[in-house]
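Questions regarding the structure given below will be posed in turn.
The values are calculated or read from the model by the stated rules, or taken from the named source; none is laboratory data. Note that the structure is predicted; figures quoted are calculated from it, not measured. Cβ: placed from backbone, ideal geometry, glycine included. Neighbour counts: every protein chain shown. Surface areas here come from the heavy atoms of the whole protein model, side chains and all, with no ligands, DNA or RNA. Shrake-Rupley method; radii C 1.70, N 1.55, O 1.52, S 1.80 Å.
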Amino acid sequence: MQKIKTALLSYGMSGKVFHAPFINIHPGFELIGSWERSKKLIQEDYPTVRSYPTIEDVLADDIDLVIVNTPVETHYEYAKKVLEAGKHAIVEKAFTTNVAQAQELADLAKAKGLKLAVFQNRRWDSDFKTVQKVVKDGLLGDLVEGEFHFDRYNPLLSIKAHKETANSGAGILKDLGPHLIDQALYLFGFPKSVFADIRITRENSLVDDYIDLLLYYDDFRVRLKASFFVREANPAYVVHGKKGSFLKPRGDVQEDDLKLSKKPDTVTWGTEAEGLNGILHTEIDGKVIKEKIPTLQGNYYEFFDGVYKSITTNAIEPVTAEDGVKTMKIIEAAIASNAQHKVINL
């Protein structure tokens, strides 16, 4: 099996939790090492890999794929260096800080014949996969509205300076926002226009920490919300159609299990507790039903397997650079809408 030699550009939480475990267990990848600026931690978990002192050392090595998992404001600079060095790339969300940067990276990868994927792992969350199946199976009829939430109760500022310093990559719109936006675009397609309310609600915060985006489609609307002041959670997904409704709480267990150092290599990986099943209330063949829907299994492994296939068989990336460009277009439109207090046509 062809081995894809892979390096990380950071071994903080994202490298340790979301990337290295899947690269390590996939038979098609070989984890070579990570760029580590101060703390040297990767060899504690993977003793045979390398700790690179600079990005130049990473790019000079025999590496096929580089994962750009650094702060958002650095994504464009580092991803461009990776592509110019002839390496395939996975770039964390938010893809970049603006549309122009995103499009330039997409064009550069295409010109060089390289694969460029955006790490939108939440497409493989158990809860979202279940919502997607209900919608795709037509169980709700013609759609009227949807509402997706990524809420938390966390009034304290993050200890990570890059998340709380006013910069082009900080704020909830470019942190949790890309998850919600990508899921909406993946499920419903690209909207006609956007209206947004973006706020700062935490004491002493310098960056946005509340978003309410409304996506306008021809015949339905989709609202996307994220906040740090939701102590009692709303359903994470609510979709209403002309035949019925589906409500699903957030329940994917993968992030929590990865933080506990559980290994994603068992048949039960990504399996939710039954108590978090979604409620389907609809009409099928003239009969009104109301029942709990079993939650599909989540698995971020599928993203990495998709990247592997894209490199080795020239298949399309599981989340393409163009997907990343579209998400950035929504983010830019949301910023403009909030500033101008009006709907922005796309």
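First obtain the Kirkwood hydrodynamic radius of the range 88-209 from its Cα pairs, then insert it into the Stokes-Einstein equation at 10 °C and 1.306 mPa s, and state the resulting D in µm² per second as a whole number.
Working: Rh = 16.9 Å.
The Stokes-Einstein estimate is 94 µm²/s.
Using the scaling law 2.2 N^0.38 Å as the reference, what is the normalised Cα Rg of the range 1-155? Let's see the in-between values first.
Working: Rg = 17.9 Å, N = 155, 2.2 N^0.38 = 15.0 Å.
So the Cα radius of gyration is 1.20 times the expected 2.2 N^0.38 Å.
Also, I was wondering about something else. From the mean inverse distance of alpha carbon pairs (Kirkwood) and the Cα radius of gyration, derive Rg over Rh for the chain. If you can, show how the numbers build up before the last one.
Working: Rg = 20.3 Å, Rh = 21.0 Å.
Rg/Rh: 0.96.
Right, something else. With axes computed from alpha carbons, what is the tilt in degrees of helix 177-188 against the longest principal axis of the chain, rounded to the nearest 10 within 0 to 90?
60
Give a quick list of trypsin sites (Lys or Arg not before Pro) in the range 149-223 that DSSP marks as loop, anything other than H, G, I, E or B, with at most 14 other Cβ atoms within 10 Å.
Numbers: sites: R152, K160, K163, K174, K192, R199, R202, R221, R223; in loops: R152, K160, K192, R202.
Counting only loop positions with at most 14 other Cβ atoms within 10 Å, the trypsin sites (Lys or Arg not before Pro) in the range 149-223 are K160, K192.
Determine the relative contact order of the range 165-298: mean sequence separation of Cα pairs under 8 Å and six or more apart, normalised by residue count, in whole percent.
Details: 195 pairs, mean separation 20.6, N = 134.
The value is 15 percent.
Could you tell me the distance between the Cα centroids of the range 206-264 and the range 1-58, to the nearest Å?
31
Only Cα pairs under 8 Å and at least 6 apart count here; give the relative contact order of the range 1-151 as a rounded whole percent.
Values: 206 pairs, mean separation 26.4, N = 151.
Relative contact order for the range 1-151 comes out at 17 percent.
How far is helix 75-84 tilted, in degrees, relative to the longest principal axis of the Cα atoms in the chain, given as a value from 0 to 90 rounded to the nearest 10?
That helix lies at roughly 50 degrees to the long axis.
Now, a different point. Step through the residues of the range 121-138 one at a time and calculate ³J(HN,Hα) from phi using the Karplus curve (6.51 cos²θ - 1.76 cosθ + 1.60, θ = phi - 60°), rounding each to whole Hz and writing x for Gly and Pro.
5, 5, 5, 9, 6, 4, 5, 5, 4, 6, 4, 4, 5, 4, 5, 5, 6, x
Would you pull out the residues with amide H under 5 Å of G251's amide H, same chain only if 5 or more places away, H placed 1.01 Å from N?
Excluding prolines and chain starts, which carry no amide H, the hits are D127.
A follow-up question, please. With the cut-off at 1.5 for a/c, could you classify the range 9-71 from its C-alpha gyration tensor as rounded, prolate or oblate? Intermediate values should be presented prior to the final figure.
Working: a/c = 1.38, a/b = 1.13, b/c = 1.22.
The shape class here is rounded.
So what is the relative contact order for the range 83-222, in percent, with contacts set as C-alpha pairs under 8 Å and at least six apart? Let's see the in-between values first.
On the way: 158 pairs, mean separation 32.7, N = 140.
This gives 23 percent for the range 83-222.
If the elastic network links every pair of Cα atoms under 10 Å, which of H179, H281, H75 fluctuates the most in the Gaussian network model of the chain?
Highest fluctuation among the options: H281.
Then there is this: For L114, which sequence-distant residues (separation of 5 or more, or a different chain) have an amide H within less than 5 Å of its own amide H, given hydrogens modelled in the peptide plane?
Placed amide hydrogens put nothing under 5 Å from L114.
When the Debye formula is applied to the Cα atoms of the range 186-338, each taken as the same point scatterer, what base-10 log of I(q)/I(0) results at q = 0.09, 0.10, 0.12, 0.14 Å⁻¹?
So the normalised log intensities work out to -0.44, -0.55, -0.80, -1.09.
Using alpha-carbon positions, what is the distance between the centroids of the range 81-116 and the range 266-331, in Å?
Spelled out, the Cα-based centre of one part sits 24 Å from the other.
Another question, then. Please identify the chymotrypsin sites (Phe, Trp or Tyr not before Pro) of the range 118-160 that satisfy two criteria: DSSP loop assignment and at most 10 other Cβ atoms within 10 Å. Which are they? Walk me through the intermediate numbers first.
Values: sites: F119, W124, F128, F148, F150, Y153; in loops: F150.
The qualifying sites: there are none.
Of V319, V288, V82, which is the most mobile in a GNM of the chain whose springs link Cα atoms less than 10 angstrom apart?
V288
So how much accessible area does M1 have, in Å² to the nearest 10, using a 1.4 Å probe?
140
Can you work out D for the range 138-266 in µm² s⁻¹ from Stokes-Einstein, where Rh is the Kirkwood radius over C-alpha pairs, the temperature is 37 °C and the viscosity is 0.692 mPa s? Please list the in-between numbers first.
On the way: Rh = 16.2 Å.
In µm²/s, the coefficient rounds to 202.
Please give the helix 301-313 orientation as an angle from the longest Cα principal axis of the chain, in degrees from 0 to 90, rounded to the nearest 10.
Taking the Cα atoms of the chain, the angle to 301-313 is about 60 degrees.
Once all Cα-Cα distances of the range 245-315 are split into 5 Å bins that start at 0, what whole-number percent is in each one?
P(r) over the range 245-315, rounded to whole percents: 3, 14, 17, 15, 14, 13, 10, 8, 4, 1.
In the structure displayed, which of K80/K112; K40/K93; K163/K329; K129/K192; K80/K263; K133/K290 lie more than 20 Å apart, Cα to Cα? Before the final figure, lay out each step's value.
Details: K80/K112 12 Å; K40/K93 24 Å; K163/K329 22 Å; K129/K192 24 Å; K80/K263 32 Å; K133/K290 17 Å.
Beyond 20 Å between Cα atoms: K40/K93; K163/K329; K129/K192; K80/K263.
With both bridge residues required to lie in the chain, what share of the DSSP beta bridges run antiparallel, to the nearest 5%? Walk me through the numbers before you get to the answer.
Details: 37 of 61 bridges.
Of all bridge pairs located within the chain, approximately 60 percent are antiparallel.
For the chain, what does -39500 (n - 2.57) per DSSP helix run (n ≥ 4), summed and divided by total residues, give at 222 nm, in deg cm²/dmol to the nearest 500? If you can, show how the numbers build up before the last one.
Details: 11 runs with 106 residues, N = 346.
So the helix-based figure for the chain works out to -9000 deg cm²/dmol.
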